[in-house]
Amino acid sequence: MQIVGVASAFPVNRYPQEAITGALKAHWGDRLTHPELLDRLHSRARVKQRYLAFPLERYPQFENFGETNRAWLEAAAELAERAIDGALVRAGMDRAELDAIYVVSVTGVASPSLDARLINRMGLRSDIKRTPIFGVGCVGGAIGLTRAADYVRAYPAESAVIVAVELCSLTIQRDDLTTVNLIASGLFADGACAVIVAGGDRAAGDTGNLRGRGGVRPARNPRILGSRSFFYPQTEEIMGWEISEKGFAIVLSEKLPALIRSRLGGDVDTFLAGHGLKRGDLGNWVIHPGGPRVIEAVEEALDLHNGELARSWECLERVGNLSSASVLCVLEETLVEHRPEAGAYGLILAMGPGFCAEMLLVQW
């Protein structure tokens, strides 16, 4: 199994963090009794800029969940299409060559689901196998990539695409002044990322089609060697959404960093041991940039203190937390701009509601 194409797509509306902070302060006005708290939380998010699906002035016009959900469907379809097409270009493929599609999103709902709408919008094959994935939050990109890899393992002559698209800006609760919502308002953003995985028979003899931003072709595509899921029982309260007539209200427990520190190291070791490896054998880490406290907890749990998670920090600063799409954006940055040496082992890892972790072992 090989990763043969990966590409991200972002809205045209890009704002520095200070502009978003200022817009929220103007919206909340006197209701925000401690505006300095918002300034402090947003500055500590380590996000320099974010892409939003709509101009800042549009958001106060949304009156209910129905309106934001319709806006999600409109913008998500366009971003997902661009991300898939970008991945196809880098893979040297066309739309008709896709045999399966996995669509991940947790910031909107639709029936028919978004994958069905993409098939119509993009003219994908009528026999394409489709799987929508909802409710898994930040772990969704890794879960979708695992499921796509499972598919091409079963059908080695075929290819699958996974696209994660999130419009987190549409979920911000505009009347919620709790600390959790203030943190979310400075962290989450909008974007999409798609990855194409090819089965072993299809990829046989391929010397690598993935092209960098300068058109450079690497030696070969990275192989997926295995995956592992870890579910932590009785941790439902750690992360997720409270969904009501007001839309999606974030659930984010202060217990999360402690859970990561206590569990992640042992779980990574268990996964690697199954492949005869240890942490020291890895030359690269592709980790979901959940936020400063999450990245720091991962660094401590895995004893990574020499810049191993630089790509995660860079993606957080450049685009914010894209929920399910973030880990795939870190993967794109790694593949295109900071590709490891041929033969090096790497780990793709994301965590999310459940609480759970999803891991993939790759070799570049």
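Derivation of every value follows stated rules applied to the coordinates shown; laboratory data play no part. Values in this document were obtained by computation on a predicted structure and should not be read as measured data. Positions of Cβ are backbone-derived with ideal geometry, glycine not excepted, and every protein chain shown enters the neighbour counts.
Going from the residue with the fewest nearby Cβ atoms within 10 Å to the one with the most, PHE231, PHE10, PHE134 rank PHE231, PHE134, PHE10.
Applying 1/(1 + (r/R0)^6) with R0 = 22 Å to the Cβ-Cβ distance of SER262 and VAL180 gives a FRET efficiency near 0.50. One Cα centroid belongs to segment 136-191, the other to segment 260-330; the line between them spans 16 Å. Summary of packing: across the peptides 318-329, 27-38, the per-residue average of other C-beta atoms within 10 Å ranks them, highest first, as 318-329, 27-38. Recomputing Kirkwood radius over Cα pairs in Å from the coordinates shown identifies the correct label among (i) 22.2; (ii) 20.5; (iii) 21.3 as (ii). In segment 223-363, a dipole from Cβ-located charges (positive for Lys and Arg, negative for Asp and Glu) runs towards its positive end, and of GLN363, LEU256, ALA350 it is GLN363 whose Cα lies farthest in that direction.
Computed per residue of the chain from DSSP H runs no shorter than four, each worth -39500 (n - 2.57), the mean residue ellipticity at 222 nm is -11500 deg cm²/dmol. Only Lys, Arg, Asp and Glu carry charge here, each on its Cβ (+1 for the first two, -1 for the last two); on that basis segment 2-203 has a dipole of about 320 debye about its Cα centre.
Remark: the GLU245-ARG70 segment gains 61.6 nm on full extension, using 0.36 nm per residue and subtracting the alpha carbon distance.
For segment 279-364, the dipole from Cβ point charges (+1 on Lys and Arg, -1 on Asp and Glu) about the Cα centre works out to 180 debye, to the nearest 20.
Within straight-line reach of LYS129, meaning a Cα separation under 27 Å, there are no lysines at least 8 residues removed in sequence or on another chain. Per the Debye formula on identical point scatterers at the alpha carbon atoms of segment 223-363, with no solvent, log10 I(q)/I(0) at q = 0.14, 0.17, 0.19, 0.20 Å⁻¹ is -0.64, -0.95, -1.18, -1.30.
With a Förster radius of 45 Å applied to the beta-carbon distance between ASP127 and ARG293, the computed FRET efficiency rounds to 0.50.
May I ask which residue of GLY283, VAL268, GLY240 lies farthest towards the positive end of the charge dipole of segment 236-304, with charges of +1 (Lys, Arg) and -1 (Asp, Glu) on Cβ and the Cα centre as origin? Ranked along the dipole, the leading option is GLY283. For the peptides 270-281, 92-103, the ranking by packing is 92-103, 270-281, with the highest mean count of neighbouring Cβ atoms within 10 Å listed first.
Packing order of peptides 80-89, 116-125, highest average first: 80-89, 116-125 (average count of other Cβ atoms within 10 Å over each peptide's residues). Potential lengthening of the chain between LEU32 and GLU317 amounts to 100.0 nm, from the contour at 0.36 nm per residue minus the alpha-carbon distance. Charge dipole (Cα centre; +1 on Lys/Arg Cβ, -1 on Asp/Glu Cβ; no other charges) of the chain amounts to roughly 600 debye.
The modelled label-to-label distance between GLU341 and ASP201, using points 7 Å beyond Cα along the C-beta direction, is 3.6 nm. Each of LEU316, LEU309 was scored by other Cβ atoms within 10 Å of its Cβ. Listed from fewest to most, they are LEU309, LEU316.
The DSSP beta bridges internal to the chain are antiparallel in roughly 75% of cases. Here the extension length gained between GLU57 and ARG40 equals 3.8 nm, from 0.36 nm per residue of separation less the Cα-Cα distance. For segment 260-287, the residues whose backbone nitrogen is under 14 Å from a point 7 Å from the Cα of TYR232, taken along Cα to Cβ, are 260-268.
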